[in-house]
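Asks: Provided herewith is a single structure, encoded as structure tokens, for subsequent inquiry.
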Number of protein chains: 2
Amino acid sequence: MRRNVRPLACGLIPLLMTVAGGMNAAAASDKAASMLGFSDQAATAQRALEQRFDAELKADDQREWMRQMSSQPNHVGSPHDKANAEFMLAKFKEWGWDARIETFDVLYPTPKSHTLELVEPTRFTAALKEPPIDGDSTSSNTADALPPYNVYGADGDVTAELVYVNYGMPDDYKELARQGVEVKGKIVITRYGHGWRGLKPKLAFEHGAVGCLIYSDPQGDGYFAGDVYPKGGYRPADGVQRGSVLDMILYPGDPLTPGVGATAKAKRLALTDAVTILKIPVMPISYADAQPLLAALDGQVVPRDWRGALPLTYHIGPGPAKVHLKIESEWTRKPVYDVIAMMRGATTPDQWIVRGNHHDGWVFGAWDPLAGNVAMLAEAKAIGALVKQGWKPARSLVYASWDGEEPGLLGSTEWVEAHADELKRKAVLYVNSDTNSRGFLGVEGSHSWQRMINQVAADVRDPQTGVSVDQRLRAALQVDAFENPSPESQRVARLAANGSDLPIGGMGSGSDYSAFLQHVGIASLNIGYGGEDEQGGVYHSVYDSFDHYERFGDPGFAYGVALAQTGGRIMLRVANADVLPLRFGDFAETVAGYADEVHKLADAARERSDVLVQLIDSGAFKLATDPAKPLLPPAREDNVPYIDFAPLDNALVRLARSAKAYDGALAEIQTAGMNLSARQRADLNALLQGMEQALLDAKGLPGRPWFQHFIYAPGMTTGYGVKTLPSVRESIEDRNWDLASQGVIRTAGVLDAYSLRVERATLALNLK
Amino acid sequence: MRRNVRPLACGLIPLLMTVAGGMNAAAASDKAASMLGFSDQAATAQRALEQRFDAELKADDQREWMRQMSSQPNHVGSPHDKANAEFMLAKFKEWGWDARIETFDVLYPTPKSHTLELVEPTRFTAALKEPPIDGDSTSSNTADALPPYNVYGADGDVTAELVYVNYGMPDDYKELARQGVEVKGKIVITRYGHGWRGLKPKLAFEHGAVGCLIYSDPQGDGYFAGDVYPKGGYRPADGVQRGSVLDMILYPGDPLTPGVGATAKAKRLALTDAVTILKIPVMPISYADAQPLLAALDGQVVPRDWRGALPLTYHIGPGPAKVHLKIESEWTRKPVYDVIAMMRGATTPDQWIVRGNHHDGWVFGAWDPLAGNVAMLAEAKAIGALVKQGWKPARSLVYASWDGEEPGLLGSTEWVEAHADELKRKAVLYVNSDTNSRGFLGVEGSHSWQRMINQVAADVRDPQTGVSVDQRLRAALQVDAFENPSPESQRVARLAANGSDLPIGGMGSGSDYSAFLQHVGIASLNIGYGGEDEQGGVYHSVYDSFDHYERFGDPGFAYGVALAQTGGRIMLRVANADVLPLRFGDFAETVAGYADEVHKLADAARERSDVLVQLIDSGAFKLATDPAKPLLPPAREDNVPYIDFAPLDNALVRLARSAKAYDGALAEIQTAGMNLSARQRADLNALLQGMEQALLDAKGLPGRPWFQHFIYAPGMTTGYGVKTLPSVRESIEDRNWDLASQGVIRTAGVLDAYSLRVERATLALNLK
């Protein structure tokens, strides 16, 4: 569902590094010799196992599975969606897995009729259709497909003046206020990008708009970005980005069953009580349909960074363009089919490592999600083969292919809610993937697993260059820092150059890890390759097809194999490790960085407000503006008080100390051959299994109790993008100083609970 | 000719200023009470004179003069160009000035025939025409107009594959090398912007291209920038930017008479020896003509920041587009008519204050140059009226309306070359203007005059807000720093907030001050209002008309009056000052800032080269690039040695000390009532008159002896944009370390000569 996994290091980086290049000798030898959580002897055996695992991976398998699964529309409720679940069920069974389909019953509205017309000052009726394209064999096979739509928007029939609101994000409404433009009673047209699509109609509604159009400007993923399909991979004029507008930052999953599995007998909310369903109609459109609407707008010319790549002068409106928007949907429940397969652990069956990828697409879904799904299937097939050869994982492996991810993480969320207690007791780690393509490894997730994923990346070979995917990424990060210098890119380039572990990104939302990580506190990782592809152009459109993927995604499926090697290594290492491979120093250091950011955020807000008030009071805004195109002064801001960050700072000191003690003790024991008694090992692993749950606060984040993780959350005003230390950061951003102070205390609380658990693990480790 | 004068502060500025707003009390009272170079009593009289001067300024005069002068095409050689000179001659005489026309005889090629065709893979013939536009009355009056062309390009008839080279600047050719694309034997197409137009064909030739097209991408000044003419003021699809491509960074003026006035009897170079004439044909085209050519290109998609606003995917080529370009010109000499008017000084007639603006345009030239020219005429009329009332300037005033600025600063350069000795002996200051429109005061020039111009700006009222133009600019600088924070914008905002003088920009080239400042060392200022207009769209096109200017330039000519008030105050104050109003601390501080920049430039080059070599040697570029769209590594760079900056640093210490002593002594004497003996005053003013000439080195800058000023020069790779401390800065940029070291010594030499002269002035001031 989400467009891109970030590269392993959360951004790319630049110039003027002073550190010598190449991995330093100490780090390199450390890397070669050790495997976190394993004795040297066990590591050698593990690497041999991974070689056998790799030998079972066939690119052709992935190609054929993708061809088959993407041959028909496979959205929720489609015949082929069910067929795909049954196809995978049969495969898992054939490969020796204990597999079943779990079905949930979810609200899933589908379009009955759609209209969009310009009615003034001229008339134009939007096509709202994606025609077949030569050379794209499935694009004419759309009898079972749904038309382009935004699921979970409201039904409605509205006619109103149009206003262009850029990306429709909070800053855009601040700019509109300075321009003296209101959207109350209007229909807004917003372009895709710079924030999750669901926020666009939500914010429009909150500002009084009665309807919302979201279009794909060619600047984002059309001809401005590159040659359009079929010459290149980018969005053709009629391509539409479908997508969910469910208010997932309140809670994802079935809107009618928050917090519980949407089983047949679950208690359901009335439709009118489902707060995650939007209140105004919203429709996604192509740039061919958007152009006449935008051309009909007048009023002030938009600010420079609001302009797209259509050949016209962008105006804000309102009007004279007036549009008629009508949407009618069928508000019925549909089944979602999660395919769940288990391989029971030989020694610790009640510790689970869970791997997942969704299988539902918006139409054919070759890129999203099947590219990731077929790599995951390849892992399952190879593991099945190892088991048939007599190997067994020490812990249990669970592979899941989720349904209903696109409309709102439905399949994964309902499954997690239905199995929450068991998962809290048993799940060690959830490993997610989604789309996948040619390029660089991207990872985001729980930072206590950063060391492990760095070690895995050093052992996977990049198909195009022959070096490890770790080494290739380090090269790219250093080159990027050279070409695009910034403090952050240079910081990461220094890590890349000196052989330190590369940082992983924090998790927001937009794929199936949300319920695992943020609702029940299962440590999670999201992995995928990308960055050298042209997915953008067909994202969530009918052209996200097998033909497109083979040309522009991963020709030869070499990165499909790399993803399976990466995911498989994670699963096998975590399954077999003597001690679960966590390192807490990475987490402590990362959270300290987040704390530094929120300190600076408060300071910057204070300085900004002081200057703003001074400039308003001195009349500077009035003197500076062009009287022919006047901008009103920004809204006045109250003074920003100093916030007591001491509880957070103290908790971080304790966390750093606890983490250092544990990591040091584990390193010592590992070097000495990992001689732990069975009891000691069991106690230790039991403590480690649920470690991440210490970071939950059961009352949840302010205003959205479903989200309980106090370190990582999707942003209230970003949607997919992560907000770290969310109870503090978002309160500062909202200028709610009391809530920020409470957030400091609650965040310190979860960190102290985490430190306590780390300290107990250190005690378990040090028992003689 | 040049598009914009910069705002008084050389950039606009931003956020998080910690200094309290408003002018501090000390600075404010200082500002009100004193006038640099005047006793308090004389200052009071001077302000009264300025009030009388203002009373003579009529906006309607300017409107009528512009209407008359822009009624017909007025380029060099046109009947109306001569008629305008005669019109002004008559006016000056009517106003009581001693006026004459000085004629020079310059090489000025004009087009005989022009062809541009796409011949492969499809055919298209470029229109190369600017059709009439409804509501623009002169756009159909083009019988006497020249077609769009770039004067001083070569004749030629070439057919070759096309390559898109972005802005055609040095970095663009580095990018092409990384893409593996050569332009040898090709025709390049480049867009206007990011560097002076004349560099584009010059660099193309140096890289082996056989022809050059320059087009106006709508991103720069077409529909992307705003509504196009006639709805708004921006460039319509058929609008073309004409312009000179004379290699003015070698020397401006007549190509056949470098260094001497192009009088009838001057010795002339053979055409083939005129190095400032380009070697390949070059043609400016509209975006309507460019679009089919760009659409026919294939090959690699261009980097993101190479993309414009046309609705197509920009490709580099080469080919398959192939174009035929043919240009034939008439290579004859034409007359240029400089109108020169003098008002003899009553007490010191041999000290001249020179004021100039050109009168030739590309077609009708309402914006460029007539908006500035009519404001200058208004000053002359008002001064004439004061003289008729019995007033006389102490020093002589010279007003000049130059011809032939557009093709290459011809009229001003030839006049300066013809009168070089006299100017060096007599000229105190040259005050230039060019275009003018609604908005903010922009000033660039010699920094020893920064205090004077700041005092003038505080005394001119902004027509739209009623505050002084200084106060309005301070507000804008603070707001800009708030909205677009950067270290530089915040630095200037602090100055704006605390009442310090606002910095002026250094002078590059692109208007008639070049010969004054950079060839003979006459201190210069360039002034103009702007920033709230829509000139860009008609710059150098047939649509630069009276109708356009009245709608989008300066409706009501209120800023024409403001410019006359500004220019007039400068002229009157410098003419009447007891002591010429220079302050050397501003110059010393500014040059110290430039020196700091060149230090950092060398350090950054050193660090960059070290990292680059390391990344090349480690193979990082090869690993990082996308094998499907490979980028070659950048060219290897030699190590950067440490440069001995000590001579420069020592010279700056002396300069700062000398400046402080002089400024302090003058302030003391001024406070005490400016009691200087007549002899002392005469000696002092004689020293100050030629002060700027100390900054010349008679051998000139490396490779371009005509340019002798060692502090300010137009950049070899920027054209119009200034390079300060050019002999040092450009040598570092060229990685010529020996030349950089020599530049340090030569620059220190001129600064020492300047300091010596300042020290002599201090002695003269302190004589009891």
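Asks: Identify all residues within the stretch B:519-537 that are at pLDDT 95 or above and touching a helix residue (DSSP H, G or I) at 6+ places or on another chain (Cβ under 8 Å); write none if there are none.
Replies: Answer for the stretch B:519-537, where residues must be at pLDDT 95 or above and touching a helix residue (DSSP H, G or I) at 6+ places or on another chain (Cβ under 8 Å): B:His519, B:Val520, B:Gly521, B:Ile522, B:Ala523, B:Ser524, B:Leu525, B:Asn526, B:Ile527, B:Gly528, B:Tyr529.
Asks: Yes or no: the stretch B:358-365 includes at least one residue that is among the β-branched types (Val, Ile, Thr), in contact with an Asp or Glu (Cβ under 8 Å, 6 or more places away or on another chain) and in a loop (DSSP other than H, G, I, E, B).
Replies: Scanning the stretch B:358-365 turns up at least one residue that is among the β-branched types (Val, Ile, Thr), in contact with an Asp or Glu (Cβ under 8 Å, 6 or more places away or on another chain) and in a loop (DSSP other than H, G, I, E, B).
Asks: Scan the stretch B:362-374 and give yes if some residue there is more than 14 Å from B:Asp544 (Cβ to Cβ) and out of contact with any Pro (no Cβ under 6 Å at 6 or more places or on another chain), otherwise no.
Replies: Checking the stretch B:362-374: at least one residue is more than 14 Å from B:Asp544 (Cβ to Cβ) and out of contact with any Pro (no Cβ under 6 Å at 6 or more places or on another chain).
Asks: Here is a further query. How many residues, within the stretch B:536-561, are assigned to a helix (DSSP H, G or I), within 14 Å of chain A (Cβ to nearest Cβ) and not aliphatic (A, V, I, L, M)? Reasoning before the result, please.
Replies: Start the filter on the stretch B:536-561 by keeping residues that are assigned to a helix (DSSP H, G or I), which leaves B:536-538, B:546-552, B:555-561.
Now restrict to residues that are within 14 Å of chain A (Cβ to nearest Cβ): B:536-537, B:550-552, B:555-556, B:558-559.
In the following step, the residues that additionally are not aliphatic (A, V, I, L, M) were identified as B:536-537, B:550-552, B:555-556, B:559.
Total meeting the criteria: 8.
Asks: Within the stretch B:81-131, can you find the residues that are touching a Leu at 6+ places or on another chain (Cβ under 8 Å) and at positive phi?
Replies: B:Leu128
Asks: Another question about this same structure. Evaluate the following for A:Gly361: is it crowded, with 22+ Cβ neighbours inside 10 Å, within 14 Å of another protein chain (Cβ to nearest Cβ) and either in contact with a Lys or Arg (Cβ under 9 Å, 6 or more places away or on another chain) or modelled with pLDDT of 95 or more (or both)?
Replies: So A:Gly361 fails the test.
Asks: Further question: Conditions first: (1) outside any strand (DSSP E or B); (2) not assigned by TED's automatic domain parsing to the domain that holds B:Val188. B:Asp338 passes all but one, so which condition is the exception?
Replies: (1)
Asks: Right, something else. List every residue pair whose Cβ atoms lie under 6 Å apart, where the two residues are 6 or more positions apart in sequence or sit on different chains, the first residue falls within the stretch A:301-320 and is more than 11 Å from chain B (Cβ to nearest Cβ), and the second residue, located anywhere, is among the aromatic types (Phe, Trp, Tyr) and crowded, with 23+ Cβ neighbours inside 10 Å.
Replies: Listed pairs, sorted by first residue: A:Ile316/A:Tyr164; A:Gly317/A:Tyr164.
Asks: State yes or no: is B:Tyr152 buried (at least 20 other Cβ atoms within 10 Å of the Cβ), within 30 Å of A:Gly299 (Cβ to Cβ) and touching a residue at least 24 places away in the same chain (Cβ under 8 Å)?
Replies: no
Asks: Let me ask you something else. Which of the helices (runs of 4 or more DSSP H) found entirely inside the stretch B:199-295 contain at least 1 residues meeting this: among the charged types (D, E, K, R) and within 14 Å of chain A (Cβ to nearest Cβ)?
Replies: Numbers: elements: B:199-206, B:218-221, B:287-295.
The helices (runs of 4 or more DSSP H) meeting that bar are B:218-221.
Asks: So which residues in the stretch B:481-492 are within 14 Å of another protein chain (Cβ to nearest Cβ), out of contact with any helix residue (DSSP H, G or I) (no Cβ under 8 Å at 6 or more places or on another chain) and not hydroxyl-bearing (Ser, Thr, Tyr)?
Replies: Those that are within 14 Å of another protein chain (Cβ to nearest Cβ), out of contact with any helix residue (DSSP H, G or I) (no Cβ under 8 Å at 6 or more places or on another chain) and not hydroxyl-bearing (Ser, Thr, Tyr): B:Glu483, B:Asn484, B:Pro485, B:Pro487.
Asks: Can you name every residue in the stretch A:186-216 that is over 20 Å from the mean Cα position of the chain (by Cα) and surrounded by fewer than 24 Cβ atoms within 10 Å (Cβ to Cβ)?
Replies: Across the stretch A:186-216, the qualifying residues are A:Leu203, A:Phe205, A:Glu206, A:His207, A:Gly208, A:Val210.
Asks: Among (1) crowded, with 22+ Cβ neighbours inside 10 Å; (2) assigned to a loop (DSSP other than H, G, I, E, B); (3) within 10 Å of chain B (Cβ to nearest Cβ), which single condition is A:Leu615 missing?
Replies: For A:Leu615, the failing item is (2).
Asks: Right, here's the next one. Of all the residues that make up the stretch A:590-600, how many are buried (at least 17 other Cβ atoms within 10 Å of the Cβ) and of a type outside the set (Ser, Thr, Tyr)? So that I can check it myself, show each step before the final result.
Replies: Step one: filter the stretch A:590-600 for residues buried (at least 17 other Cβ atoms within 10 Å of the Cβ), giving A:590-591, A:594-595, A:598.
Adding the requirement that they be of a type outside the set (Ser, Thr, Tyr) leaves A:591, A:595, A:598.
The qualifying residues number 3.
Asks: Within the stretch A:169-185, is there a residue that is aromatic (Phe, Trp, Tyr), part of a loop (DSSP other than H, G, I, E, B) and closer than 30 Å to A:Pro714 by Cα? Spell out how you get there, then give the answer.
Replies: From the stretch A:169-185, those aromatic (Phe, Trp, Tyr) are A:173; that's our starting set.
Checking which are part of a loop (DSSP other than H, G, I, E, B) leaves us with none.
Scanning the stretch A:169-185, I find no residue that is aromatic (Phe, Trp, Tyr), part of a loop (DSSP other than H, G, I, E, B) and closer than 30 Å to A:Pro714 by Cα, so the answer is no.
Asks: Sticking with this structure for a sec: Go through the stretch A:615-651 residue by residue and tally those that are over 19 Å from B:Phe440 (Cα atoms) and either among the β-branched types (Val, Ile, Thr) or touching a His at 6+ places or on another chain (Cβ under 7 Å) (or both).
Replies: 4
Asks: Name the one entry in A:Ala713, A:Ala678 that is under 22 Å from A:Tyr430 (Cβ atoms) and either surrounded by fewer than 19 Cβ atoms within 10 Å (Cβ to Cβ) or of a type in the set (Gly, Ala, Ser) (or both).
Replies: A:Ala713
Asks: Among the numbered criteria (1) in contact with a helix residue (DSSP H, G or I) (Cβ under 7 Å, 6 or more places away or on another chain); (2) part of a loop (DSSP other than H, G, I, E, B); (3) farther than 23 Å from A:Gly365 by Cα, which single criterion is violated by A:Ala99?
Replies: (2)
Asks: Mind listing whichever residues of the stretch B:620-631 are part of a loop (DSSP other than H, G, I, E, B), more than 7 Å from chain A (Cβ to nearest Cβ) and either among the charged types (D, E, K, R) or out of contact with any Ser or Thr (no Cβ under 9 Å at 6 or more places or on another chain) (or both)? Even if it seems obvious, please write down each step before you answer.
Replies: Initially, the stretch B:620-631 is screened for residues part of a loop (DSSP other than H, G, I, E, B), giving B:625-631.
Applying the additional criterion that residues be more than 7 Å from chain A (Cβ to nearest Cβ) yields B:625, B:629-631.
Matches in the stretch B:620-631: B:Thr625, B:Lys629, B:Pro630.
Asks: Has the stretch B:224-234 got at least one residue that is closer than 30 Å to B:Ala418 by Cα and either surrounded by 23 or more Cβ atoms within 10 Å (Cβ to Cβ) or among the polar types (S, T, N, Q) (or both)? Walk me through how you get there before you give the answer.
Replies: Of the stretch B:224-234, the ones closer than 30 Å to B:Ala418 by Cα are none.
Scanning the stretch B:224-234 turns up no residue that is closer than 30 Å to B:Ala418 by Cα and either surrounded by 23 or more Cβ atoms within 10 Å (Cβ to Cβ) or among the polar types (S, T, N, Q) (or both).
Asks: Okay, moving on. Would you please list the contacts, defined by Cβ atoms under 7 Å and residues six or more apart or on different chains, that run from a residue in the stretch B:621-650 that is assigned by TED's automatic domain parsing to the domain that holds B:Ile711 and within 24 Å of A:Gln471 (Cβ to Cβ) to a residue that is of a type in the set (A, V, I, L, M, F, W, C) and assigned to a loop (DSSP other than H, G, I, E, B)?
Replies: Pairs found: B:Leu623/A:Val467; B:Thr625/B:Leu631.
Asks: Any idea which residue in the stretch A:495-522 is farthest from the chain's Cα centre (by Cα), counting only those that are under 22 Å from B:Asp626 (Cα atoms) and in a helix (DSSP H, G or I)?
Replies: Filtering first and then ranking leaves A:Ala497.
Asks: Then there's this: Which one of A:Ala83, A:Ala90 is part of a helix (DSSP H, G or I) and under 30 Å from A:Gly390 (Cα atoms)?
Replies: Exactly one of A:Ala83, A:Ala90 is part of a helix (DSSP H, G or I) and under 30 Å from A:Gly390 (Cα atoms), namely A:Ala90.
The values are calculated or read from the model by the stated rules, or taken from the named source; none is laboratory data. None of these values were measured; they are calculated from a predicted model. Glycine gets a Cβ as well: all are built from the backbone with ideal geometry, and neighbour counts include every protein chain shown.
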